[in-house]
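Trainee: Below: one structure in structure tokens.
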Amino acid sequence: AQGPREGVMQRDAPRLVSSAEDLTRLEGPACSGESQAALSSRLLRPSLLAPWAAALSCLLFCGNSELLQSLQRGPLEADQRHASPLLNLALCHLGGLLFVPYFLCGAGRASASIDAKAPLVPPGSGVARSCLASSPCAAALVFGLLLMSYNYAWLRSATLLAAGLTNAIFLAVSVALVYLASVFLFAEAVTPRRLLGIALALGGSMLASGGGRVFTSGGGVGVALAFAAAGGYTVYQILFRYVFSHLKQDVAFLAYFGAWVSAWHVIAIFPMILLADFTEYEKLEFPRGRSAWLCTLASALIASTVNALNLCVVMWGSPMLLPSTSAFSVPLIVFLDFVLHEARPRGLELLGHSLVVLSVVLIMQLGSSSSSLGRSLKQYPNTEAWLGIAFYKLVAGTNVDPRAVDVNCVVMLQGSGMGKNGSSNVTVERWDGKVFRRYRKFYNVPGGEFVRLRLDAAEGAEGAVAVDSQRKVLLLQAQAAAASDPALQRDRLTTDNARIQATVSMFVASWPAELTSSIAVTNSFLANFVASLREALGAELQQPAPQIFVDGATLQSPTLGLARPAIVGAFTVYVAKEGDAALLGKTWETDNKVVLKKTTEISQDPFNVDALLLTDQLKTELRRATRLDPLQASILAQVEAGLELQLGAPVLTVPYTVVAQPPSAAPQENSASEQDQIPIYVGILSGA
């Protein structure tokens with residue numbers, strides 16, 4: 001089987017589905033390595049919850065829109081009054097204060113990945129993004145001001161225009177702006193279907209709003225404020241996703257950030273409201289009367305819930321999920337206007353509602369198999385066992401798309417346990433550009449064996465299913481062979497050989513769930529990393545691998561204080577000496593200063609030639625170490641693309657040995673006989 005390659009989606013990206021003869025006899029998922037609890041956790045992952053959170057946010061937003069407008073325009077009794085708009089909005093953004101007690105303790109702060117020693121800076125960030133990401137507290141002030149600004153513009157527009165028209169402009173324009181920004185920042189796909197959806201959202205929102213009806217003569221100002229609100233909403237959503245997308249799985253961070261946004265409203269925004277009152281820009285008025293207080297508190301509670309849901313949707317869903325589902329509020333708002341204000345929609349408005357609904361279907365591709373919600377629900381039924389996870393990648397956080405691969409043969413490990421397939425019938429499907437379609441089905445696949453499924457053979461043909469006995473023998477030999485353990489020689493090496501010590505970190509983009517969900521799988525991957533690093537360092541530094549040790553290798557995630565997930569540890573290289581045995585004509589570098597210089601160059605610049613060669617050598621050794629374990633090979637394939645290796649500053653230690661001075665011999669005087677022979681030698685030479 002040819003490995004996965006990055007590139008454009010092709011028609012030959014396969015997936016494997018194992019099925020049972022009698023579904024009624026199944027007692028659990030066909031993929032026997034996945035427990036029911038693990039299956040449930042995958043079905044409840046954030047990317048699947050995002051659409052439901054967006055729908056709930058849309059419903060609450062519609063209800064709160066009518067409530068806020070009634071608070072600003074509705075009649076009250078003589079002894080009652082509403083809160084001023086700025087105060088009303090500020091109260092709506094204080095819900096995050098509920099999390100403050102939790103984050104006052106150190107445990108809560110640590111769980112949010114906030115550590116001054118490990119700033120939250122994603123790899124490859126620009127200066128502006130790094131500044132915001134490294135200081136969530138300061139970033140919360142920026143986002144708090146954005147949140148207050150676009151909501152105030154929307155509220156002022158809603159007092160000048162009908163609710164339907166305000167929301168039509170706000171949501172339709174924001175859908176277009178978010179899509180445009182997502183194309184450039186998040187590589188959102190540009191398709192005719194989505195472009196048509198954007199056009200229908202713009203036109204349908206205007207038709208559905210009944211734009212000719214306004215409450216005051218300031219209709220032009222209201223429209224301008226609605227456009228300003230749409231721009232601020234776009235900046236808020238896109239900027240938050242751009243800066244903190246690497247923390248999308250950290251729910252505690254979202255709560256931590258929300259708490260700071262609310263805290264900044266108390267610290268910075270309330271003084272601005274007082275300043276607005278002092279300059280007579282807007283008179284500060286507190287609600288008076290029971291009904292006014294109840295409505296204000298209800299609005300604040302609903303708005304806080306909507307803000308929290310929106311943060312989750314922005315982080316967990318695709319860039320277009322929140323604005324697209326929010327577009328549904330246009331028909332809902334007009335419906336509420338009809339119920340509450342007896343504003344009957346006209347024929348064009350009904351047409352606009354239909355266009356808005358159709359636009360959301362087109363933008364989110366709800367009718368195709370690439371819909372994240374539909375495929376999330378279909379991806380893990382009880383009759384499917386997914387193999388070769390490396391053939392898939394995440395696009396824009398939620399959409400799972402096939403990688404471009406060319407596979408003519410699939411190798412599978414049959415049996416029970418993690419990473420193995422327990423079914424005798426296997427269906428291979430291929431991606432045709434829209435959906436997965438059945439390509440080949442294999443029956444009576446033997447269990448407990450390595451098998452090769454030939455995709456280029458006819459269904460049922462001889463040789464389509466073959467047992468790979470040689471691979472099985474290699475696996476059994478690898479399991480039975482004693483691991484190379486040079487620890488027995490370490491005392492001797494410490495005494496006789498110079499040693500070079502340094503820290504090592506292998507960074508990746510993210511850890512797959514199948515790696516972190518099992519201690520056994522994690523330990524196995526760490527063992528493969530240690531063995532591979534020894535071989536890679538030995539090849540690059542020209543040192544024997546048995547004289548290289550890796551100590552304290554641990555798998556760490558960002559929640560433990562790192563900015564990026566990594567494997568960290570330390571290594572010791574005992575420099576070879578003259579006479580050390582070398583295989584296959586290899587020669588060892590015996591000058592410890594040369595080895596130290598090369599290690600230092602790699603540590604100072606992890607992207608120079610030697611460092612890149614070391615990283616490539618490590619990848620090669622990892623592939624060799626995991627080739628007989630499908631689960632480990634799948635994990636490696638998922639992290640290999642973003643793998644980076646960094647070494648710490650090396651330290652050279654030379655063994656201290658006392659060299660005994662040889663005894664000096666006493667000078668011997670020439671004997672008399674030797675002195676007497678000198679004239680004889682002179683005579684012989686003279687005669688010659």
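A short reminder: the numbers here are calculations on the coordinates, not readings from a lab. The model shown is predicted, which means the values in this text are computed figures rather than measured ones. Here the Cβ positions follow ideal geometry from the backbone for every residue, glycine too, while neighbour counts run over all protein chains shown.
Trainee: Rounded to two decimals, what is the ratio between the C-alpha radius of gyration of region 223-288 and 2.2 N^0.38 Å? All intermediate terms of the calculation are to be shown ahead of the outcome.
Mentor: Details: Rg = 16.2 Å, N = 66, 2.2 N^0.38 = 10.8 Å.
In units of the 2.2 N^0.38 Å rule of thumb, it is 1.49.
Trainee: Sticking with this one: Does region 565-651 classify as rounded, prolate or oblate by the C-alpha gyration tensor (a ≥ b ≥ c root eigenvalues; a/c under 1.5 gives rounded; else a/b over b/c gives prolate, otherwise oblate)? Walk me through the numbers before you get to the answer.
Mentor: Numbers: a/c = 2.42, a/b = 1.43, b/c = 1.69.
Because a/c hits 1.5 or more and a/b fails to exceed b/c, region 565-651 counts as oblate.
Trainee: For region 135-143, take each phi angle, set θ = phi - 60°, evaluate the Karplus expression 6.51 cos²θ - 1.76 cosθ + 1.60, and give the result in whole Hz per residue in order, putting x for glycine and proline.
Mentor: Those phi angles translate into 9, x, 5, 5, 4, 4, 5, 4, 6 Hz.
Trainee: Please sort 521-530, 225-234 by packing, taking for each peptide the average over its residues of neighbouring beta carbons within 10 angstrom, highest first.
Mentor: On the way: 521-530: 18.9, 225-234: 22.7.
Going by the mean number of other Cβ atoms within 10 Å, highest first, we get 225-234, 521-530.
Trainee: Projected area of region 482-653, taken from the Cα convex hull and averaged over every viewing direction, in nm²? Walk me through the numbers before you get to the answer.
Mentor: Working: hull surface 41.7 nm².
Averaging across all directions leaves 10.4 nm² for the Cα convex hull.
Trainee: Please work out how much length the chain gains when fully extended from Leu104 to Lys593, using 0.36 nm per residue of separation minus the C-alpha to C-alpha distance, in nm with one decimal.
Mentor: On the way: separation 489, 0.36 × 489 = 176.04 nm, distance 5.08 nm.
Full-extension gain reported as 171.0 nm.
Trainee: So, one more: Quick check: pseudo-label points 7 Å beyond the Cα along Cα→Cβ at Arg492 and Ala466, how many nm apart are they?
Mentor: Calculated label separation equals 4.6 nm.
Trainee: Per-residue counts of other Cβ atoms within 10 Å, averaged by peptide: what ranking do you get for 628-639, 507-518, highest first?
Mentor: In decreasing order of mean packing, 628-639, 507-518 become 628-639, 507-518.
Trainee: Take the Cβ-Cβ distance between Phe286 and Trp52 as r, set R0 to 30 Å, and report the resulting FRET efficiency rounded to the nearest 0.05. Could the numbers behind the result be given before it?
Mentor: Numbers: r = 36 Å, r/R0 = 1.22.
Calculated transfer efficiency: 0.25.
Trainee: Please list 89-97, 282-290 highest first by mean number of surrounding beta-carbon atoms within 10 Å per residue.
Mentor: Descending packing order for the listed peptides: 89-97, 282-290.
Trainee: Taking H placed 1.01 Å from N in the peptide plane, check which residues at least 5 places from Leu161 or on another chain put their amide H under 5 Å from its amide H.
Mentor: Residues meeting the amide H criterion: Phe215.
Trainee: Next question. Collect residues whose amide H, placed 1.01 Å from N in the peptide plane, falls under 5 Å from the amide H of Val504; neighbours closer than 5 in sequence don't count.
Mentor: Placed amide hydrogens put Gly569, Ala570, Phe571, Gly648 under 5 Å from Val504.
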